[in-house]
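J.: Let me give you the structure first, and then I'll get to my questions.
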Amino acid sequence: METPTARVLKEGRFRVGVSQVDPYRYYYGEVSPLRGLEVGGRITEILDVPALTADYGNYKDKAVDVKYQFIPEGKYLPAVALGIMDPQGTRLYPSQYIVISKQIYPFDFSLGFGNGRFGKNPLVSSGEGLKAEIFTDTSTWLSDSQFFGGIQFNPSPHYSFMVEYSPIRYHEQTQDPAWKKNFQEPVPSKFNFGFRWKPWDWTEIGVSYQRGDQVGINLSFAFDIGTPLVPIYDHPYQERPEHKLNPLEERITRGLYQSGFVNIGVAVDGDELWVEAANDKYYYPARAIGVALRVINAMAPENIRKINLILTENGIPVIKFVAYRGDLTAFYSEKLTVNELLRVSEIRTDITDISEILSFEKKHRKFFDYGVKPSFRAFLNDPSGFFKYRLGVEGWVDFHPWRGSSFIVGMEGYPLNTVSTSNEPLSRPVRSDLVSYQEENVALSMLMFDQIGKFKQEIYGRFAGGLLEVEYAGFDGEVAKPLYGGRLMLGLSGSLVKKREPGEPFKLKENDWKDHYTTAFVNTRLNIPEQEIALELKSGQFLAGDRGTRITISKFFNGVILSAWYSFTNTSMFTDGFNHGYHDKGIAVSIPIRLFSGKDSKTAYTIGLSPWTRDVAQDIVHYNNLFDFMGRDTKIYLEKDRKMMQ
């Protein structure tokens, strides 16, 4: 209800919901990226309290909350959690608290101690910084904090009864926009009562009576991240009897093609079989290796002693897997485990030139690729209206005439488009003028050439030129290299771009505040496959000329990637009050379509949410980047995903 407990979501689970207790309506979401850690975001709408502009509607406040259960519940010990609510910005509803919870079935007891919203005095705004008095001024936190707590009675897994004591002094929370109209006097009661019903594991409905005079209602949905809505199953290839009389190369080519591979080459060199193929289907490269080896092993004649499998990406060799035929036969007859197979096999990712090994006659060449996806973009918190959006589709076509090359044409159309703003571009606009581009219902989003190369010592290079994204055109380049099997990736990148003219697909903007824009970065990514976490640093000069670092942390859940970023740059060149001292921040999620289709697929769609009227720590949109191109094709992830080979 109003007070927190020490309970947190299970790792890899997320929850979204809406609740209302006059005068507040809450829209919220929470996720647990790591065991014991729960991160949430919420929007608080204050009913019948208007914002500064009529078009904006009711007053709304955004906040981020974090809770960490640093002591899990044991047989005798309670669970103990530390929570930080709304540590940045206006801090209308902040608190830092410690809470313990202990279950003595069928009861669950909680007792907490916190300041701010639960304390004796309101907390002041933090501006663009972060504030947590529990760490920076512990004595004041102790003197300002108050106790809270509650009891839940759970006679069934499907429903529970609740009572809690909430110490919130509504009549003294003068920074709350709801205070003047609703809380001039103390609330009638500090005790809240509620009933919670779970008709299904993923749905929760709550009804409560709070503050002695208000009825509340809550509806939430919770799911495990990365769990397919439709079980993924791909039929294994079964060779038809009449095809067994065909030449070996033709048989293997047909089997691989029908299993989801393209650009296939097969050759026999003495007692060795060489196979080259591009994975066109499987999200995990290790899974692609397992499928291909099963097909090859079932068809290879007895005189084949050694099998060499090379997987490519847009013609570039990325993985070489070498195994002896006897080991594969033992593996697929379950006489060897996958770990034992890997110990007697060879995985290499430093292969660069297949032609030096053996020439292949390619079959099922794939020169064109395309994609169409629904696109929804929300724009929040503009003075002309809190919620604006674009709903439509994005589509693109790729042409790959030679190894590593891509000619890309992208279009986007938004039949539903409410994007507009009352803000003017800021002092050094590189993204705060984006609205003029987003107001277009139909746009040529890309018209560009992209070339990737792989060189000796496993060094990758990329160059792109053309209409790179909806706002910028020019040139973009990058070099990168994986180290320690891909645990660490290092790279350099930069771009030279000009703005495009809104509404003119092939025209560049004239009389802009700056003739052209340059970026230059040192890029670093640390992969921690044991925890499925990646930490990335982009350090250098951003579009507006500010220099610093953008930190991105990503967590991987069976294909779903959750990301969050925060920037630290020198903003002294900005003369407006919005960009000066600002830190760019945002969240994104990449969702693979395999979770919904019932079959494997490499396709994934990304949705991001960040402030869109600031110019700090901005970069162009990259159609491709080398860290993602290498992705899970590095050795450390192939070993991590080895069970996918079965």
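The values are calculated or read from the model by the stated rules, or taken from the named source; none is laboratory data. Because the structure is a prediction, the values reported are computed rather than measured. With ideal geometry, Cβ positions are generated from the backbone for all residues, glycine too; neighbour counts draw on all protein chains shown.
J.: Of the residues that sit in region 618-641 and are assigned to a loop (DSSP other than H, G, I, E, B) and of a type in the set (A, V, I, L, M), which one is modelled with the highest pLDDT? Write out each step before concluding.
T.: Keep residues of region 618-641 that are assigned to a loop (DSSP other than H, G, I, E, B), which gives 618-625, 634, 641.
Next cut, of a type in the set (A, V, I, L, M) only: 620-621.
On the way: Ile620: 97, Val621: 94.
Among those residues, the one meeting the criterion is Ile620.
J.: Filter region 419-438 down to residues that are more than 15 Å from Asp615 (Cα to Cα) and under 26 Å from the mean Cα position of the chain (by Cα), then give me how many there are.
T.: The qualifying residues number 3.
J.: Next question, about the same structure. Among the residues in region 516-527, are any out of contact with any Asp or Glu (no Cβ under 9 Å at 6 or more places or on another chain) and within 28 Å of Lys635 (Cβ to Cβ)?
T.: yes
J.: In addition: If you go through region 86-109 one residue at a time, how many are small (Gly, Ala, Ser) and under 27 Å from Ser160 (Cα atoms)?
T.: Taking region 86-109 as the starting set, the residues that turn out to be small (Gly, Ala, Ser) are 89, 95, 101.
With under 27 Å from Ser160 (Cα atoms) added as a condition, the list becomes 95, 101.
Here the count works out to 2.
Residues checked against (1) crowded, with 19+ Cβ neighbours inside 10 Å; (2) in contact with a Ser or Thr (Cβ under 7 Å, 6 or more places away or on another chain); (3) more than 30 Å from Trp202 (Cβ to Cβ); (4) of a type in the set (Ser, Thr, Tyr):
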{"residue": "Ser143", "(1), (2), (3), (4)": "no, no, yes, yes"}
{"residue": "Pro157", "(1), (2), (3), (4)": "no, no, no, no"}
{"residue": "Pro167", "(1), (2), (3), (4)": "yes, no, yes, no"}
{"residue": "Glu172", "(1), (2), (3), (4)": "no, no, yes, no"}
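J.: Here is a follow-up. Looking at (1) part of a loop (DSSP other than H, G, I, E, B); (2) in contact with a His (Cβ under 8 Å, 6 or more places away or on another chain); (3) surrounded by fewer than 18 Cβ atoms within 10 Å (Cβ to Cβ), find the lone condition where Phe568 falls short.
T.: So the condition that Phe568 fails would be (1).
J.: Moving to a separate point now. It is to be established whether one or more residues within region 43-52 are closer than 25 Å to Lys190 by Cα, among the polar types (S, T, N, Q) and not in a loop (DSSP other than H, G, I, E, B). If you could, list the steps in order and put the result at the bottom.
T.: Here is the first cut: in region 43-52, the residues closer than 25 Å to Lys190 by Cα are 43-49.
Filter again for among the polar types (S, T, N, Q), leaving 44.
Now restrict to residues that are not in a loop (DSSP other than H, G, I, E, B): 44.
Yes, the conditions are met somewhere in region 43-52.
J.: Could I ask something else about it? How about region 339-350: which of its residues are surrounded by fewer than 16 Cβ atoms within 10 Å (Cβ to Cβ) and touching a residue at least 24 places away in the same chain (Cβ under 8 Å)?
T.: Step one: filter region 339-350 for residues surrounded by fewer than 16 Cβ atoms within 10 Å (Cβ to Cβ), giving 339-340, 343-344, 346, 348, 350.
Result: Asn339, Glu346, Arg348, Asp350.
J.: Taking region 81-106 on its own, how many of its residues are of a type outside the set (Lys, Arg), farther than 27 Å from Tyr170 by Cα and in contact with a strand residue (DSSP E or B) (Cβ under 6 Å, 6 or more places away or on another chain)?
T.: Applying the first criterion (of a type outside the set (Lys, Arg)) to region 81-106 yields 81-90, 92-101, 103-106.
So of that shortlist, the ones also farther than 27 Å from Tyr170 by Cα come out as 103-106.
Subset that is in contact with a strand residue (DSSP E or B) (Cβ under 6 Å, 6 or more places away or on another chain): 106.
Of the residues in region 81-106, 1 are of a type outside the set (Lys, Arg), farther than 27 Å from Tyr170 by Cα and in contact with a strand residue (DSSP E or B) (Cβ under 6 Å, 6 or more places away or on another chain).
J.: Being more than 18 Å from Val589 (Cβ to Cβ) and among the charged types (D, E, K, R) narrows it down to one of Glu45, Glu38, so name that one.
T.: Numbers: Glu38 fails: more than 18 Å from Val589 (Cβ to Cβ).
Only one candidate passes the filter, namely Glu45.
J.: Something else about it: Please indicate, with yes or no, whether at least one residue in region 609-617 is within 18 Å of the chain's Cα centre (by Cα), in the same structural domain as Glu471 (by TED's automatic domain parsing) and either over 30 Å from Arg431 (Cα atoms) or not in a loop (DSSP other than H, G, I, E, B) (or both).
T.: Yes, region 609-617 contains at least one residue that is within 18 Å of the chain's Cα centre (by Cα), in the same structural domain as Glu471 (by TED's automatic domain parsing) and either over 30 Å from Arg431 (Cα atoms) or not in a loop (DSSP other than H, G, I, E, B) (or both).
J.: I would also like to ask the following. Hey, any hits in region 54-76 for a residue that's β-branched (Val, Ile, Thr), crowded, with 20+ Cβ neighbours inside 10 Å and either out of contact with any Gly (no Cβ under 6 Å at 6 or more places or on another chain) or assigned to a strand (DSSP E or B) (or both)?
T.: No: zero hits.
J.: Something else now. Looking at (1) modelled with pLDDT under 95; (2) surrounded by 13 or more Cβ atoms within 10 Å (Cβ to Cβ); (3) out of contact with any helix residue (DSSP H, G or I) (no Cβ under 8 Å at 6 or more places or on another chain), which is the only condition Ile205 fails?
T.: Only one criterion in (1) modelled with pLDDT under 95; (2) surrounded by 13 or more Cβ atoms within 10 Å (Cβ to Cβ); (3) out of contact with any helix residue (DSSP H, G or I) (no Cβ under 8 Å at 6 or more places or on another chain) is unmet by Ile205, namely (1).
J.: Same structure again: List pairs: first in region 409-428 and surrounded by 20 or more Cβ atoms within 10 Å (Cβ to Cβ), second aromatic (Phe, Trp, Tyr) and not in a loop (DSSP other than H, G, I, E, B), Cβ under 8 Å, 6+ apart or cross-chain?
T.: From residues that are surrounded by 20 or more Cβ atoms within 10 Å (Cβ to Cβ), the pairs are Gly410/Trp396; Val419/Phe379; Val419/Tyr389.
J.: I've got another one for you. Considering only residues that are polar (S, T, N, Q) and not in a strand (DSSP E or B), which ones fall in region 189-206?
T.: Of all residues in region 189-206, those polar (S, T, N, Q) come to 189, 192, 203.
Ser189 - this is the single residue of region 189-206 that is polar (S, T, N, Q) and not in a strand (DSSP E or B).
J.: For region 507-559, list the strands (runs of 3 or more DSSP E) that sit wholly inside it and hold at least 1 residues that are over 23 Å from the mean Cα position of the chain (by Cα), closer than 16 Å to Leu34 by Cβ and in contact (Cβ under 8 Å) with a residue 24 or more places away in the chain; which are they?
T.: Details: elements: 517-528, 533-541, 547-557.
Because the criterion is at least 1 residues that are over 23 Å from the mean Cα position of the chain (by Cα), closer than 16 Å to Leu34 by Cβ and in contact (Cβ under 8 Å) with a residue 24 or more places away in the chain, no strands (runs of 3 or more DSSP E) in region 507-559 meet it.
J.: Just to verify a result, which residue in region 371-385, among those that are closer than 19 Å to Ile607 by Cα and not aliphatic (A, V, I, L, M), is modelled with the lowest pLDDT? Spell out the reasoning first.
T.: As a first pass, look at region 371-385 and keep what is closer than 19 Å to Ile607 by Cα: 371-381.
This time we only want the ones that are not aliphatic (A, V, I, L, M), so: 371, 373-377, 379, 381.
Working: Gly371: 89, Lys373: 87, Pro374: 86, Ser375: 87, Phe376: 84, Arg377: 80, Phe379: 77, Asn381: 71.
Going through the qualifying residues, I end up with Asn381.
J.: Name every residue in region 489-505 that is out of contact with any strand residue (DSSP E or B) (no Cβ under 7 Å at 6 or more places or on another chain) and either under 30 Å from Leu34 (Cβ atoms) or without any contact (Cβ under 8 Å) to a residue 40 or more places away in the chain (or both), in order of residue number. Break it down stepwise before answering.
T.: Let us first name the residues in region 489-505 that are out of contact with any strand residue (DSSP E or B) (no Cβ under 7 Å at 6 or more places or on another chain), namely 502-504.
Selection gives Glu504 alone.
J.: Can you pull out the residues in region 154-182 that are part of a loop (DSSP other than H, G, I, E, B) and β-branched (Val, Ile, Thr)?
T.: We begin by selecting, within region 154-182, every residue part of a loop (DSSP other than H, G, I, E, B); these are 157-158, 166-169, 173-178.
Selection gives Ile168, Thr174.
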